[in-house]
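The values are calculated or read from the model by the stated rules, or taken from the named source; none is laboratory data. Just so you know, these numbers come straight off a predicted model, no measurement behind them. All Cβ positions, even for glycine, are placed from backbone atoms using ideal geometry, and neighbour counts span all protein chains on display. Areas reflect the complete protein model, heavy atoms only, side chains present, ligands, DNA and RNA absent. Shrake-Rupley method; radii C 1.70, N 1.55, O 1.52, S 1.80 Å.
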Amino acid sequence: MGILPTSQGRQGRVVHLSQNQHNVVLGTAGSGKSTMAVLRALYLSLPSTRNHGPVLLVTYNNTLVTYLEYLSKNLPANVTVQTYGRFARGYLHSMGLMNWQGIAQGDQVRSLIDSAVQAVRAEGGESAVLDRDHKWIEDEIHWISGMGFSTESEYQQAARVGRKTPLPAGTPRSIVWAVRQQYRTLRTAAGRDYDWYDIASAVRGAIVNDSREPMYRHIVIDEGQDLSPEAIRSLAEVVDPDGSVTFFGDYHQAIYGQGLSWRSSGLDLNGRQVEKFNDNYRNTRAIAEVAIAMADSGHMNSGDLDLVPPRAPKAAGGKPTLITAASRKAEIACIRELIEDAANDQSVAVLTHTRAEAEAVVRGFSYTSIAKNSLVWDGSPGIYAGTLYSAKGLEFDSVFLPFLDDDIFPRAEVLAAFGDSEACAREARLLYVGITRARSRLVMSHSGTVTRLLPENSGLWEVVAA
C-alpha cells in the first residue's frame, strides 16, 4: 500500500477513537494532526474495523489536499480526499443545484458588495457602518454566512465572539444585514447563486430533501479551524447517522477570519472530552520556543478554551536567526546566498505575504511554487516559494521569512480594515504559521524597523547583520 506516516505516543489512541461518535482533537503546530487524520481515515475505511465504510478526508485549501494525498499515497479507493469547497460544489451538483459557473468569487464578490453598499446608501441607509473599510464589510458578511444566520434577529442577538471591532445591536447591524441582502440579490441577478462562504448553508438546505443513502460513513476534517461552523454542521448532517465526524484543528493557526469555533457548530461529543495534544514533533526546541513566545503574546493569547498551549520538544537544534539588512536589496542578496547553499540537500521554503514578494527572492533559481493548483508535493530537497497562506499545513527543513518590517507586517490594508488589535491578532497567527513550518532551521529578516508582532527576543534568536 505504499509508505504511510506512523503514529507517535498518544497519536495511536486518537486513530482508534470511537467509530460511531463524533470526536474533536485539538493540537498545537507540529503535533501530528495531519498524520493522525490520514491514519484515522485509513482505519475507518478498513474492512477489519468495526463500522467501517467510505471516508471523506476533507480540509480547507488545495495545497493541503496535495499534501494529504502525499501523506496518504495508495489509500484504499473508499477514502476520498477533497477540499470542503470541492465537496460542497459536487454535492450540490449531485442534487441538480449547481451551475458550474454559479459561484461568485474574488473581484466579483468585492464589486457586488461595493454595489450593495451604494444601493443601501441610495435607499437612505445612513450609518457610519457604510463608511467602514470595504474589507471589513466583506469580512462581516462572510462571517454571517459562516455562522449560518438566516434571519436578522439571529444576527442582532449574536455575541460576535472573537470579532474585536465593535458593532452594536440595532441600526448598525440592520444596515450590515441590508447590505448582505442586497449583495445576494445582485449576485443572483448576475447568475451566481453562491459564494464560497454561504455554499455550506446551501448544502444544509439540500440535505433536507436528499433521500439517498449517505455517501460517507465517516468524515475526517483536517485543519478544521479554517472551516466555518456552518460547514462543519453540513458535514455532520451529510455523514451516515451511524458513522462519525472526527475534527482536527489548532486555533493558533486560524488564519481565515476568527470567532468560528467548532463549539459554535453544535458538534455533539455526547459528554466526552476533547482530545488535546501539546507535544510538538516537528520543530526543534529552539524554533518551538519562538512559536511558544508568539502563542503567549498579547496578540495571540486570548484565553480561548480551544487554544492548546504548545510544549517545547526535546529535539536539539541551532537558534533561529534574525538578519538585519541596510536595504531590501541587501536583504534579498543575503537570503539568496543562504537558500542556494541549503537547497542542495534540504527542502527550503521562502514564505511571504504575497507570491510576488517570494518570487522576488527566488527569481532566477529553479523552484517549486507553493500555489493552490500547481504544487506537486514530494518533500524532496529544493527551493519552494509562496505565501504564508499557501504553506499552511506543510513543513520544510528550512524556512526563510523575509520582509518582517513593521510597515509590512502587519499589512496596512488589514490595519485599515480591522484596527490595530484585531489586525495584529490576525497577522500574528499568520506569522506563527510561518515559524512553525520549519523543522530544523528558521531564518527571519528585515531591512526596516522589525515587526511589532515578534515577541521580545530574550535570547530566542541570534541577530546577524547582512
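Is the shape of the range 1-81 rounded, prolate or oblate, going by the alpha carbon gyration tensor and its root eigenvalues a ≥ b ≥ c, with a/c under 1.5 for rounded and a/b larger than b/c for prolate?
rounded
Leaving out ligands, DNA and RNA but keeping every protein chain, what accessible area does Lys135 have, in Å² rounded to the nearest 10, with a 1.4 Å probe?
90 Å²
With a 1.4 Å probe and all protein chains left in place, how much of the accessible area of the chain comes from carbon and sulfur atoms, in whole percent?
Roughly 49 percent of what the probe reaches on the chain is carbon or sulfur.
Once both labels are modelled 7 Å past Cα along the beta-carbon direction, what's the Ser458-Glu154 spacing in nm?
With each label placed 7 Å out from Cα toward Cβ, I get 4.3 nm.
Over its Cα atoms, what ratio of radius of gyration to 2.2 N^0.38 Å does the range 342-466 give?
Compactness ratio reported: 1.05.
In Å², and per residue, what accessible area does the chain have when probed at 1.4 Å with the other protein chains present?
41 Å²
Taking only complete DSSP H runs, can you tell me which helices of the chain stretch 24 Å or more along their own long axis by Cα positions and average at least 0.5 on the Kyte-Doolittle scale?
Span-like helices in the chain: 412-435.
Going by the alpha-carbon gyration tensor, a ≥ b ≥ c the square roots of its eigenvalues, is the range 1-140 rounded (a/c under 1.5) or, if a/c is not under 1.5, prolate (a/b greater than b/c) versus oblate?
It is prolate, given that a/c is not under 1.5 and a/b is the larger ratio.
Too long at a 30 Å Cα-Cα cut-off: which of Lys73/Lys392; Lys33/Lys329; Lys73/Lys329?
Lys33/Lys329; Lys73/Lys329
Where in the chain is the longest stretch that carries no GluC sites (Glu not before Pro) classed as loop by DSSP and with at most 14 other Cβ atoms within 10 Å?
Counting at most 14 other Cβ atoms within 10 Å as exposed, the longest clean stretch of the chain is 127-455.
What translational diffusion coefficient, to the nearest whole µm²/s, does the chain have by Stokes-Einstein, given a Kirkwood radius computed over alpha-carbon pairs, a temperature of 25 °C and 0.890 mPa s viscosity?
106 µm²/s
Can you find, among Ala169, Ser369, Gly32, the residue farthest towards the positive end of the dipole of the chain? Put +1 on the C-beta of Lys and Arg, -1 on that of Asp and Glu.
Projecting each Cα onto the dipole axis, the largest value belongs to Gly32.
Over all directions, average the projected area of the Cα convex hull of the range 111-196 and note it in nm².
Value for the range 111-196: 5.5 nm².
May I ask you to compute the full-extension gain from Asn99 to Ala360, defined as 0.36 nm times their residue separation minus their alpha-carbon distance, rounded to one decimal in nm?
Full extension from Asn99 to Ala360 adds 90.1 nm.
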